[in-house]
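Structure first, commentary second.
The values are calculated or read from the model by the stated rules, or taken from the named source; none is laboratory data. Values in this document were obtained by computation on a predicted structure and should not be read as measured data. Positions of Cβ are generated from backbone atoms using ideal geometry, with glycine treated the same way; all protein chains shown enter the neighbour counts.
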Amino acid sequence: MEAWKFCVLFFCAFLGGSAIFLVKSDKSKLLKLILSFSGAYLFAITVLHLIPDAYSGSDSREIGIFILIGFLLQIFLEQFSEGVEHGHIHKHHNAQIFPYGIMISLCLHAFLEGMPLAKDHHNELIFGIALHHIPAAFALASILMQNHFKKGSIVFYLILFAVMAPLGFYVSIGLSNGTIGGVDAYFNKIMGIVIGIFLHISTTILFESSADHKINTRKMIAVLLGIGVALIGFFAGGH
């Protein structure tokens, strides 16, 4: 993995979570705009890049099944993560109780998101995942802070979360070139699962964060910008 790609994935998540130490006032409106932009961008690159790639193989008839599996898997993971993937911040009043369900499901989610990066090395996908992890890491750090964890512990868990997407990439490289299990034939199916996860995440961000399901002007601009940036990358890439 090129160093700059690792840095983008790692530092966006780590610095996004570390921002909790700098925030002195309510930034929920700004966070929602960032979420709207990243959700729209993630949805657009899924439709423009990942879905066509997944259906390009000989096993394309089965891909839809794995997309559904990924969609349902994300629903299952959210029973434990409490929507942290969407930047949701919930109040936790019990001191020093570690949120195992949130941490494990969030790390698994990030690991799976990193796996498609081995396929054609889409720069658009790298930035989409990185943007998406900024509010997720911030929400995770906020929950840990509410549970009265020390700063050092919060930094440690942010690092653990930040390395999961690059780790998913390295594992998928091993799978695709045969050094781990030799299961290259299943790579598009893995891609299908990740597509299902992305579709659930992005659409939930776009619709759930709006009061009465109405999109105000600021959010509409953020959504259009997210889609616009994805389209620029799509046409600039010669598609």
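From the residues in region 96-140 that are part of a loop (DSSP other than H, G, I, E, B) and under 24 Å from Gly152 (Cβ atoms), which one is modelled with the highest pLDDT? Don't jump to the end; show me each part of the working.
The initial filter retains those residues of region 96-140 that are part of a loop (DSSP other than H, G, I, E, B), namely 96-99, 119-122.
Next cut, under 24 Å from Gly152 (Cβ atoms) only: 96-99.
Values: Gln96: 56, Ile97: 65, Phe98: 72, Pro99: 76.
Among residues in region 96-140 that are part of a loop (DSSP other than H, G, I, E, B) and under 24 Å from Gly152 (Cβ atoms), the one modelled with the highest pLDDT is Pro99.
Has region 203-210 got at least one residue that is of a type in the set (D, E, K, R), part of a helix (DSSP H, G or I) and at pLDDT 80 or above?
Here is the first cut: in region 203-210, the ones of a type in the set (D, E, K, R) are 208.
Still in the list and also part of a helix (DSSP H, G or I): 208.
Retained after the next criterion (residues that are at pLDDT 80 or above): none.
No, that holds for no residue.
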